[in-house]
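Read the structure below first, then the notes.
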DNA sequence: CCGCTTTCGATAACTATTATTATATGCTAA
DNA sequence: TTAGCATATAATAATAGTTATCGAAAGCGG
């Protein structure tokens with residue numbers, strides 16, 4: 001029961017209610033480096049919670065994102081969102097054909113210069129290095145803030 | 001007629017047929033730094049081609065992307081794709097609320113370290129720097145290649 | 001345990017994109 | 001220049017991923 005308490009604490013500390021569904025989703029994401037999609041998460045959690053709905057997964061991920069428990073990004077497969085529980089800034093490798101997403105180990109300086117060298121085995125032929133700097137709010141959005 | 005010929009040449013050089021629709025779309029994209037969506041492009045081109053369909057815009061952009069005339073990325077607004085005719089590797093600033101996309105001038109080394117410093121006026125509060133390295137194919141996709 | 005609030009799940013709606021197909025048009029070779 | 005072929009176009013329908021609605025169920029503070 002210790003693991004459950006640990007996860008429940010994480011939720012509570014972020015002001016989120018503790019429910020079996022949220023625990024299951026958080027448990028699946030915790031330490032996960034596979035960049036799963038909502039569908040992936042749904043499939044995995046369904047094993048323990050056959051009645052869970054995809055909607056709930058989306059709602060939960062939305063809550064997790066707002067609470068900064070996961071990072072959501074859209075650079076990968078088709079138009080699916082990928083969810084990454086690793087909050088450390090780090091680069092991703094995306095296959096331009098299948099959209100698979102992998103982590104790059106490099107997290108420091110000279111990212112672009114190092115990109116080609118640090119590509120994991122099986123990735124090659126860099127077409128382009130796309131760098132997306134994501135900030136909280138642009139000026140316009142900040143103005144409209146309360 | 002000179003400008004038209006210039007654009008037509010660009011198309012032909014990439015093995016693309018020259019049509020009024022393609023010329024209009026290319027003309028709109030040429031030198032454009034606004035990262036327009038398919039919808040944006042559709043709206044702009046409709047001025048000269050009221051009969052053009054959104055479908056044609058998508059098909060044309062798909063052809064342009066394959067011919068490497070534009071770069072398509074999905075990191076911005078909701079799940080819309082943005083199209084960028086600038087083929088030079090360069091970073092983008094994305095507002096996490098409205099999804100607006102701006103170019104960062106920096107294109108060299110130390111991108112991540114420089115990101116905060118090089119943020120254009122009106123952007124602030126860096127939540128996270130997301131770096132996406134896009135390669136041609138991962139090993140699996142390359143194996144299935146002919 | 002009570003009551004208030006939030007979350008859940010079923011269902012439907014929505015948005016961005018892609019597929020289908022008949023017609024129209026660009027392009028090539030005679 | 002034109003015939004014929006391949007490709008592009010536009011109308012329409014379909015799809016994928018996600019978000020909205022709402023009644024029922026469950027968490028949480030007292």
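Read-outs: derived from the displayed coordinates by stated rules, not from any lab. Just so you know, these numbers come straight off a predicted model, no measurement behind them. Methodologically, a virtual Cβ is constructed for each residue, glycine included, from the backbone with ideal geometry; neighbour enumeration extends over all protein chains shown.
Note on A:79-86: average number of Cβ atoms from other chains within 10 Å of each residue's Cβ is 1. Residue B:54 to residue A:86: FRET efficiency via 1/(1 + (r/R0)^6), r the Cβ-Cβ distance, R0 35 Å, to the nearest 0.05? Calculated transfer efficiency: 0.40. Extents of the stretch B:1-98, largest first, come to 42, 30, 21 Å (Cα atoms, principal axes, whole angstrom). When each of A:52, B:25 is scored by the number of other beta-carbon atoms lying within 10 Å, the sequence from fewest to most is A:52, B:25. Starting from the label point of residue B:79 at 7 Å along Cα→Cβ, the same points in the other copies fall at 0.5 nm, in ascending order. The same position residue A:98 in the other copies lies at 3.9 nm from this copy, comparing label points 7 Å beyond Cα toward the beta-carbon, shortest first. With a Förster radius of 51 Å applied to the beta-carbon distance between residue A:19 and residue B:18, the computed FRET efficiency rounds to 0.30. In terms of other Cβ atoms within 10 Å, A:102, A:34 run from fewest to most in the order A:34, A:102. Ranked from shortest, the separations from the 7 Å Cα-to-Cβ label point of residue B:15 to its equivalents in the other copies are 5.6 nm.
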